[in-house]
Amino acid sequence: MTSERFSADTFVVSGGRPAHEHDAPVNPPIILSSTYRGTDTVDTVNDRVYARFANDTWEGMEEVVARLEGATQPGLLFPSGMAAVASVIDLVPVGSVILVPKHAYMASVTMCKDLERRGIAEVVRYDLEDTASVIAALEDAAARTGVTPGTVDYAAPKALIWIESPTNPMLEVGDVPAICAAAKRLGVVSAVDNTFSTPLVQRPLSFGADVVVHSATKFLAGHSDVLLGVSVTSNEALYQAMLHHRITNGAIAGPMEAWLGLRGLRTLAVRVERSMANAQVLAERLGEHPAVVQVRYPGLPTDKGHELAKKQMTGGFGAVLCVVLNTDAAGAQRVVEALKLWTPATSLGGVESLVERRRRHGNEPDSIPESLLRLSVGIENVDDLYDDLVNALKEIA
Ligand code: PLP
């Protein structure tokens with residue numbers, strides 16, 4: 001694989017390719033084999049042995065995402081974002097505390113609550129926008145689990161903070177550097193779900209997070225045609241624990257999906273640039289629309305998270321926003337159904353714009369307004385996107 005140090009928008013194109021040798025393929029081949037030839041004693045570090053342990057087809061995407069996030073350990077590809085999330089959350093031992101934002105992707109919250117139900121961990125919810133209270137919660141978790149910075153067991157963290165910034169679906173922004181620094185000072189392991197931002201926008205490892213996960217289903221793969229996840233870290237013990245988790249749980253990506261993921265990743269920089277530009281315009285215009293009560297988008301100078309976002313989302317403000325409409329659940333649903341260009345569907349990060357009333361999911365908390373629509377902005381013409389929204393909003397005029 002290639003190893004040159006290029007800027008990120010070049011490396012998404014040039015990274016993870018076969019060596020530059022005469023007649024080598026330009027793209028990595030898809031390896032469809034469940035096992036590998038071998039007779040000697042197994043070298044568990046260097047031998048592939050069996051396709052649950054290793055597959056070359058994963059490595060291109062792993063190399064590119066790890067490099068973009070600034071990780072010094074190899075990236076780990078998973079068959080879904082949730083499998084990547086599990087590779088971190090499942091590490092906590094009996095008696096642990098997991099700090100989880102008040103608003104976060106529901107399946108990640110459910111995974112933590114499942115651990116609580118099974119008597120493994122205690123889940124403490126925190127308000128990401130209130131840094132002082134998050135630090136107090138970290139101090140409390142450290143005191144109750146007895147962790148200290150010098151004795152952290154990264155393979156079995158007793159205290160773990162799960163961070164999403166911006167949060168799904170409320171688009172709240174937290175002071176991630178301050179939270180990660182406090183976690184480090186106290187011996188709490190910090191994990192950031194960077195799905196909404198991508199490493200081109202925000203690089204949590206650079207401000208002290210221990211591990212970063214992605215639902216690569218979203219922006220990284222970018223075409224709503226594949227489910228994948230990635231986790232990356234610079235901590236060797238954490239990397240080994242997540243690798244062990246992947247192997248023993250069989251949480252491996254299919255070679256076809258891995259190949260599609262890398263193919264999609266090639267255009268990440270241009271897709272994200274265009275989607276973010278569209279999102280900024282839509283957030284500004286929707287903020288002026290009489291049917292819209294509130295827009296949350298970190299790129300709006302009036303947004304509560306804007307100042308923090310400017311400091312830590314150095315590559316832009318992402319391409320997801322949410323709007324609260326001046327109507328009830330049924331009215332918001334009528335708006336969604338009246339859209340002709342936007343696709344009403346869950347998920348985000350594809351080239352096509354998607355919209356969803358989040359409370360249609362029974363497990364979203366009551367603190368999410370019934371009329372909140374989450375918009376994942378794609379790469380279409382921004383005027384077409386806006387006109388379609390304006391037309392649909394006539395449903396509640
Ligand atoms: N994290 C976030 C922020 C998400 O939005 C999602 C899915 O929507 C996931 C994780 C889970 O990813 P996947 O659906 O690929 O398992």
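The values are calculated or read from the model by the stated rules, or taken from the named source; none is laboratory data. Model, not experiment: these values are computed from the prediction. Here Cβ is always computed from backbone atoms with ideal geometry, including for glycine, and neighbour counts include all displayed protein chains.
The residue list 381, 391, 326 contains one member that is over 22 Å from the mean Cα position of the chain (by Cα), over 30 Å from residue 270 (Cβ atoms) and at pLDDT 95 or above, which is 326. Where helices (runs of 4 or more DSSP H) fall entirely within the range 41-124, those with at least 3 residues that are at pLDDT 95 or above and away from the ligand (no atom under 16 Å from the Cβ) are at 56-69, 106-117. The number of residues in the range 135-181 that are part of a helix (DSSP H, G or I) and either more than 16 Å from the ligand (Cβ to nearest atom) or surrounded by fewer than 23 Cβ atoms within 10 Å (Cβ to Cβ) (or both) comes to 19. For the range 348-363, the set of residues classified as in contact with a helix residue (DSSP H, G or I) (Cβ under 6 Å, 6 or more places away or on another chain) and farther than 21 Å from residue 227 by Cβ consists of 357 only.
Residues satisfying the criterion are absent from the range 182-194 (criterion: surrounded by fewer than 23 Cβ atoms within 10 Å (Cβ to Cβ), among the hydrophobic types (A, V, I, L, M, F, W, C) and within 13 Å of the ligand (Cβ to nearest atom)).
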